[in-house]
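K.L.:
I have a structure here, written as structure tokens, and I will follow up with some questions on it.
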Amino acid sequence: MKPLLYPAIDLRDGKVVRLTQGDYAQEKIYGDDPVVVASGFAAAGAKWIHVVDLDAARGGDPINRPTIGNIVKAVGESVRVQTGGGVRTQDDARELRDHGVARVVMGSAAVKNPQLVGKVADVVDVAVGLDHRGGMIAVEGWTKSSELTLVAALAMYPEAKAFVITDIARDGMLSGPDLNGLAAAVTQTSIPVIASGGVSSLQDIVDLAQITGLGGVITGRAIYEGRFNVAEALRALA
């Protein structure tokens, strides 16, 4: 199986944005209508869309959940939506499931309380987001480092349907993905690994597709800045 493509939509105040290395002060707005953006991804052939609720992730009100529901409705049953940001409880997961989300991504909450992943997995499929700097997991919107290593984390969540691994130093930087680190991670777990962060070109997509067993690739900024489109990325992965 070749990796799946997850074109990304980061939501803040209802707009499509990207942050540089997770810094809310370094925000760039790419669109006012995320439903239109998602529909474009679906029309181009994407089978998954990765949505991040930045407002909820920062600890604020999950104001974007109705928008996420509208995205799900717009793309139809042939496209699955994976959503992260502010998924801290079973109730959060249940609300997103009721909006039609196929899988939620849990980050800080999963690191703080690994048992919670199993409980949420009873509600909806869960991917665990492992955001790291130099192999050490970061939490609280990347503002704090934990004592947990990426290697140890990969063994802690048997209920997870996927791991979303983000190299924070590369996120939003268009600097290329951590190919060696991702290749190593894939060998350390039987759960699919989804690469996130750093994709800058179609060559990066081709290189990621060469990692045996990689489950997926998340890319956002490179698409929004016209370096390639969804159809081209899908062809590169195939």
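The values are calculated or read from the model by the stated rules, or taken from the named source; none is laboratory data. Nothing here was measured: the structure is a model prediction, and the numbers come from that model. Heads up, the Cβs are rebuilt from the backbone with ideal geometry, glycines too, and the neighbour counts pull from every protein chain shown.
K.L.:
What strands (runs of 3 or more DSSP E) completely inside the range 62-167 contain at least 3 residues that are without any contact (Cβ under 8 Å) to a residue 60 or more places away in the chain and either hydroxyl-bearing (Ser, Thr, Tyr) or in contact with a helix residue (DSSP H, G or I) (Cβ under 8 Å, 6 or more places away or on another chain) (or both)?
P.N.:
125-133, 136-139, 144-149, 162-167
K.L.:
A further question follows. So the check is Cβ under 7 Å with 6+ separation or different chains; which pairs have a first residue in the range 170-198 that's closer than 15 Å to His132 by Cβ and a second one that's aromatic (Phe, Trp, Tyr)?
P.N.:
Partner pairs satisfying both residue conditions: Thr189/Phe163; Val193/Phe163; Ile194/Tyr6; Ile194/Phe163.
K.L.:
Checking the conditions here, which among Arg133, Arg65, Arg97, Arg88 is under 23 Å from Gly197 (Cβ atoms), buried (at least 17 other Cβ atoms within 10 Å of the Cβ) and of a type in the set (Lys, Arg)?
P.N.:
Only one candidate passes the filter, namely Arg88.
K.L.:
So which of Ile205, Ile168, Ile137, Ile194 ends up being over 26 Å from Tyr224 (Cα atoms), β-branched (Val, Ile, Thr) and under 17 Å from the mean Cα position of the chain (by Cα)?
P.N.:
Within the list Ile205, Ile168, Ile137, Ile194, the selection yields Ile137.
K.L.:
Taking Gly40, is it at pLDDT 95 or above and either surrounded by 16 or more Cβ atoms within 10 Å (Cβ to Cβ) or of a type in the set (Lys, Arg) (or both)?
P.N.:
The answer is yes for Gly40.
K.L.:
Follow-up. Could you count how many residues in the range 190-238 are crowded, with 20+ Cβ neighbours inside 10 Å and not in a helix (DSSP H, G or I)?
P.N.:
Final tally of qualifying residues: 16.
K.L.:
What tally of residues in the range 43-61 results from selecting those that are part of a helix (DSSP H, G or I) and either crowded, with 18+ Cβ neighbours inside 10 Å or touching a strand residue (DSSP E or B) at 6+ places or on another chain (Cβ under 8 Å) (or both)?
P.N.:
4
K.L.:
Moving on. Quick check on Ala8: is it among the aliphatic types (A, V, I, L, M), in a strand (DSSP E or B) and surrounded by fewer than 20 Cβ atoms within 10 Å (Cβ to Cβ)?
P.N.:
no
K.L.:
Also, quick follow-up: Do we find that Ser78 is farther than 17 Å from Glu95 by Cβ and exposed (fewer than 14 other Cβ atoms within 10 Å of the Cβ) in this structure?
P.N.:
Yes; evaluated as a whole, the condition is true for this residue.
K.L.:
What are the residues in the range 118-141 that are closer than 18 Å to Gly100 by Cβ and either touching a strand residue (DSSP E or B) at 6+ places or on another chain (Cβ under 7 Å) or aromatic (Phe, Trp, Tyr) (or both), if any?
P.N.:
Val120, Val124, Asp125, Val126, Ala127
K.L.:
Within the range 10-31, is there a residue that is of a type in the set (S, T, N, Q), touching a residue at least 60 places away in the same chain (Cβ under 8 Å) and closer than 20 Å to Val164 by Cβ?
P.N.:
yes
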